[in-house]
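Nothing in this text is a laboratory measurement; each read-out follows from the coordinates by a stated rule. As the structure is a computational prediction, the values presented were derived from the model and not from experiment. Here the Cβ positions follow ideal geometry from the backbone for every residue, glycine too, while neighbour counts run over all protein chains shown.
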Amino acid sequence: MERALGLGATHLDVGQTPDEGHVVLADPEGNELCMIEAGNRFLAGTGFLGELACDGTRAVGVFWSEALGWPLVWDEDEETAIQSPRGGTKVSWGGPPVPPKHGRNRQRLDLVTADVGSEVARLVALGATRLGELGDGVELADPDGNEFGLRAER
């Protein structure tokens, strides 16, 4: 934590209580990050970057688990997390309340596939919405409306 503070992070109060076991910081642009001590069970099996935390419902966690074929490794109180079967960073969704979405997301996933048509059909069946065409693929949205790209392998 001291290193992050030395690099320009500041303490941020988002309503966390002292017994939650983490400290919330903001980077110099105001993006939130949590500092969690090693040894807790949520971060078991992760590397240095333990978690990528997202706003979202349980439905979106289940969608990404099925879309990527990554197991749901956390599913408690509407909070979900997925992780590659090979370990590494977890991707998590905090559950309700989910803040309203204003405009396009600043960050997004782009998936690559050999068969765009079949993969679009599979993802739509899982709950994605087709938004439009990309130069080399299709733009979709997950069940919470977060845009992502599906692009053809080169």
- Item | Most mobile listed residue (Gly94, Gly103, Gly61) in the chain, GNM with C-alpha springs under 10 Å | Gly103
- Task: Filter the trypsin sites (Lys or Arg not before Pro) in the stretch 41-99 down to the DSSP loop ones having no more than 15 other Cβ atoms within 10 Å, then list what survives.
- Result: Arg41, Arg86
- Item | Dimensions (Å) - the stretch 109-152, Cα atoms, principal axes, largest first | 25, 17, 15
- Note on the structure: Length gained, Leu134-Thr10, 0.36 nm per residue minus C-alpha separation, equals 40.8 nm
- Tell me the chymotrypsin sites (Phe, Trp or Tyr not before Pro) within the stretch 18-73 that lie in a loop according to DSSP and have at most 14 other beta-carbon atoms within 10 Å. Phe48
- Query: Can you give me the Cα centroid spacing of the stretch 5-49 and the stretch 100-154 in angstrom?
  - Reply: 30 Å
- Message: Connecting C-alpha atoms closer than 10 Å in a GNM of the chain, tell me which of Glu32, Glu20, Glu139 has the biggest fluctuation.
- Response: Glu20
- Query: If you add up the charges near Leu25, with Lys and Arg at +1 and Asp and Glu at -1, over every other residue whose beta carbon is less than 13 angstrom from its beta carbon, what do you get?
  - Reply: -4
- Using only helices, what value at 222 nm comes out for the chain when you add -39,500 (n - 2.57) per DSSP H run of length 4 or more and divide by the total residues, to the nearest 500 deg cm²/dmol? -5000 deg cm²/dmol
- Among Ala53, Ala141, Ala26, determine the one that fluctuates most according to a GNM of the chain built with springs between C-alpha atoms less than 10 Å apart. Ala26
